[in-house]
Amino acid sequence: DTGVSQDPRHKITKRGQNVTFRCDPISEHNRLYWYRQTLGQGPEFLTYFQNEAQLEKSRLLSDRFSAERPKGSFSTLEIQRTEQGDSAMYLCASSFYSKSSSNEQYFGPGTRLTVT
Amino acid sequence: LAKTTQPISMDSYEGQEVNITCSHNNIATNDYITWYQQFPSQGPRFIIQGYKTKVTNEVASLFIPADRKSSTLSLPRVSLSDTAVYYCLAGGNTNAGKSTFGDGTTLTVKP
């Protein structure tokens, strides 16, 4: 397994357009997370899944954002009607969660979104 | 989730040992302390995690005093490639989805 992968790595879009990002986690990991990171700041939590269930969404996540993990494997993050303020790096991470595990998260390389 | 406080930046020279301290005064009983490293344009990378006392792996050591209100990441003999942002997180397994990274410590290693 080569780790967490994200596609695309870069996306430039015009304001008002919809965009979709994909994340493929490490295969045996049951948890998948989405974060957003802007320049000079740490990653901000957006949402996470355990298997196919979306367990939590940050209040930062407006109604224009939606995430899915339909079969408990890969996940997609869609942003509708993009705004310039959505420009950021979108990071995906996965982990193997159990009560006795350290639950360390493994991050992908990120998708850099630029909204013009 | 416990709030963490770290220095904004640190400078060091190649070959020196670097210690980055993180305070987490409101740490809960079931919270772990985890450190991540991030290079520009890459996702964070897990370095080390601990609950109490000392943990050591092939890249770092983590020192946690008995009261657990702070922790220190120790990087032995740093090289230029250790220049990165280092994040300290304090959280429990059940709060894994709420990982709050803060702004981290930018470590610059000079030749």
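The values are calculated or read from the model by the stated rules, or taken from the named source; none is laboratory data. Please read all numbers here as calculations on a predicted model, not as lab measurements. Heads up, the Cβs are rebuilt from the backbone with ideal geometry, glycines too, and the neighbour counts pull from every protein chain shown.
Within segment B:1-58, how many residues turn out to be without any contact (Cβ under 8 Å) to a residue 24 or more places away in the chain, in a strand (DSSP E or B) and among the β-branched types (Val, Ile, Thr)? Here the count works out to 3.
The strands (runs of 3 or more DSSP E) located wholly in segment A:46-116 that include 3 or more residues which are within 14 Å of chain B (Cβ to nearest Cβ) and at pLDDT 95 or above occupy A:88-95, A:111-115.
Picking from residues in segment A:57-116 that are farther than 30 Å from residue B:55 by Cβ and among the aromatic types (Phe, Trp, Tyr), the one that is surrounded by the most Cβ atoms within 10 Å (Cβ to Cβ) is A:90.
Do we find a residue being touching a Lys or Arg at 6+ places or on another chain (Cβ under 7 Å) and exposed (fewer than 15 other Cβ atoms within 10 Å of the Cβ) anywhere in segment B:25-42? Yes, that holds for at least one residue. Residues being free of Cβ contacts under 8 Å to residues at least 40 places away in the same chain and either within 10 Å of chain B (Cβ to nearest Cβ) or of a type outside the set (D, E, K, R) (or both) are represented in segment A:30-39 by at least one member.
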